[in-house]
Amino acid sequence: MLEGRRILVTGASSGIGRAVAELCVSQGARVLATGRRAEALDELDGVRRFACDLLEPGAPEACVAACVEGMDGLDGVVHAAGTVLRGEDPRSTPDEQIDGVLGTNLALPLRVARAALGALGRGGSIVLLSSQLGRIGAPGYASYCAAKGGVDALVRALAVDVGPDGIRVNAVAPGLVRTPMAYFGRDNFDELVPAIAEGHPLRRIGEPGDIAAPVAFLLSDAAAWITGQTIVVDGGFTIQ
């Protein structure tokens, strides 16, 4: 489905980003995988690797340049890098924590998209990772909810801006997925999973591959008339 496509995947060292990179390779794409942990990127097969911290000035542009230089161009971008602040108290959250969550989860996607737009041509596709928490309220996640709701709005705005150039911009909004981020700060996560799963119509939580598949679809020509959309992939949690 992605034969010959040149795709940049951020956050590829683990979780959803890693699953996306692996699926894109299996579908015939040429992939540049980026992340902060070089040793984790080294575990990926069939990809080009570019270890960096995207929050550093110029890093998104450097990733795009590496794609153009190493793969002779760029056809698609998946921005899967992100962070979460769990247990936030909106009455007392320090400024630096709010700025960190908003910067990583909202400003950074815009910066990555901005860098990519200089290299993408007609038929290009940008896919951002949003979250079900961009659509519902959840206690302890004020900054994260705000950032992911902003990603959904960003997708709509960018799609209008670059649609005339033949470039599509969409997002996938995962529900709870079994990734390192899900375990962060929750040592008993595995014990919680059965009860959490019961709260979903499909009676299970997500796996990284559940998110990688719709991302790959949005990168492909099968989604050629889809732009400005956020596809929620959450086992039905938000329809209740």
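The values are calculated or read from the model by the stated rules, or taken from the named source; none is laboratory data. Predicted, not measured: the structure shown is a model, and the values here were computed from it. We place every Cβ from the backbone using ideal geometry, glycine too, and count neighbours over all the protein chains shown.
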If you scan region 86-109, which residues turn out to be surrounded by fewer than 19 Cβ atoms within 10 Å (Cβ to Cβ), touching a helix residue (DSSP H, G or I) at 6+ places or on another chain (Cβ under 6 Å) and at pLDDT 95 or above?
ILE98, LEU102
Subset of region 8-64 [β-branched (Val, Ile, Thr) and either more than 18 Å from VAL177 (Cβ to Cβ) or assigned to a loop (DSSP other than H, G, I, E, B) (or both)]:
VAL25, VAL31, THR34, VAL47, VAL64
Give me the pairs: first residue in region 203-229 and closer than 17 Å to ALA80 by Cβ, second residue small (Gly, Ala, Ser) and surrounded by fewer than 21 Cβ atoms within 10 Å (Cβ to Cβ), beta-carbon distance under 7 Å, and six or more apart or on different chains, which are they?
PHE217/ALA223
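Given the criterion under 26 Å from ALA216 (Cα atoms) and in contact with a Lys or Arg (Cβ under 9 Å, 6 or more places away or on another chain), identify the matching residue among GLY149, GLY140, GLY163. It would help to see each step written out before you state the result.
On the way: GLY140 fails: under 26 Å from ALA216 (Cα atoms); GLY163 fails: in contact with a Lys or Arg (Cβ under 9 Å, 6 or more places away or on another chain).
Selected residue: GLY149, the only one of GLY149, GLY140, GLY163 that is under 26 Å from ALA216 (Cα atoms) and in contact with a Lys or Arg (Cβ under 9 Å, 6 or more places away or on another chain).
For VAL162, are the conditions met, namely being under 21 Å from LEU2 (Cβ atoms) and either among the aliphatic types (A, V, I, L, M) or in contact with a Gly (Cβ under 8 Å, 6 or more places away or on another chain) (or both)? Steps first, answer last, please.
On the way: under 21 Å from LEU2 (Cβ atoms): yes; either among the aliphatic types (A, V, I, L, M) or in contact with a Gly (Cβ under 8 Å, 6 or more places away or on another chain) (or both): yes.
Yes.
One line per residue, one yes/no per condition, for (1) surrounded by 13 or more Cβ atoms within 10 Å (Cβ to Cβ); (2) under 13 Å from the mean Cα position of the chain (by Cα); (3) over 27 Å from PRO90 (Cα atoms):
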residue	(1), (2), (3)
VAL151	yes, yes, no
LEU158	yes, no, yes
PRO164	no, no, yes
ASN170	yes, yes, yes
PRO174	yes, yes, no
ARG178	yes, no, no
PRO194	no, no, yes
Flagged in region 31-48 as surrounded by fewer than 19 Cβ atoms within 10 Å (Cβ to Cβ) and touching a Ser or Thr at 6+ places or on another chain (Cβ under 9 Å), in numbering order, are ARG36, ARG37, ALA38, GLU39, ALA40, GLU43, GLY46
